[in-house]
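A short worksheet on the structure shown next.
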């Protein structure tokens, strides 16, 4: 039985899957414990990058694409192999999908990859509970994702402010994700400190799964990003797209599907990294 009345709303489905994973104990993994890990700053990694700052995403499926298979010479990579290839080709950070449903992610991937690379790791999940934030810290994440629309739809166990405070106290950075004009405005207004906060503009509408890179351009033309670090997410696959987004004020690029679909992940990452 779903905890939400409208199971046709895609945001509800995403949140429901997170609660299901929590109830099934998926975030109780005790195989790894990186609680003492000294956080690596995603913000600094982005700002110090001499080329296109790429946060490359390790994902094996998506709701819109179905299964995504990363192959090289017809051999499927292990997550640790993918991570090493991405970092070796220029990625300044990695986004690790930990949500098992619809995305074929696994919380265990985070621990495996933390042991393998020395770049900042973003735990990419639909966070609805403190349980997931505790897990992120334990598994060695440096950054978590908080999706504004999930909180605005009252699908979480606490407010976005509460979750952000919990994450900061644990030494985790937060990537605040927005898609709509109102969301972007409210996040900008809420970030009153002078630090360079991380704001992700998702080009994918999570209600309908449609993608339009112009979403990032439109929002940055309407609002002053101030000192915040802007990351454009979803739908980016070409050098020209990175160059155009950079011109409108994007600081970094979160790219998953187009890289994971490539027959040569390392070359694809290198191509996009050297685009600026």
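Quick notes
- Orientation-averaged projected area, Cα convex hull of segment 10-273 (nm²): 12.5
- Ellipticity at 222 nm from helices only: DSSP H runs of n ≥ 4 in the chain, each -39500 (n - 2.57), divided by the residue count, give -10500 deg cm²/dmol.
- Inter-label distance, nm, simple model (7 Å from Cα along the C-beta direction), residue 180/residue 30: 4.3
- Counting other Cβ atoms within 10 Å as a rough exposure proxy, the listed residues 94, 14 run 14, 94 from fewest neighbours to most.
- Reference-scaled alpha-carbon Rg (2.2 N^0.38 Å with N residues) for segment 156-268: 1.13
- Between 123, 78, 112, the Gaussian network model of the chain with springs among Cα atoms under 10 angstrom shows the greatest mean-square fluctuation at 78.
- The packing ranking of peptides 153-161, 113-121, highest mean first, is 113-121, 153-161, where packing means the average number of other beta carbon atoms within 10 angstrom of each residue.
Any read-out appearing in this document is the output of simple, stated calculations on the displayed coordinates, not a laboratory observation. Nothing here was measured: the structure is a model prediction, and the numbers come from that model. Neighbour counts are summed over all protein chains in view; Cβ atoms, including those assigned to glycine, are modelled from backbone coordinates with ideal geometry.
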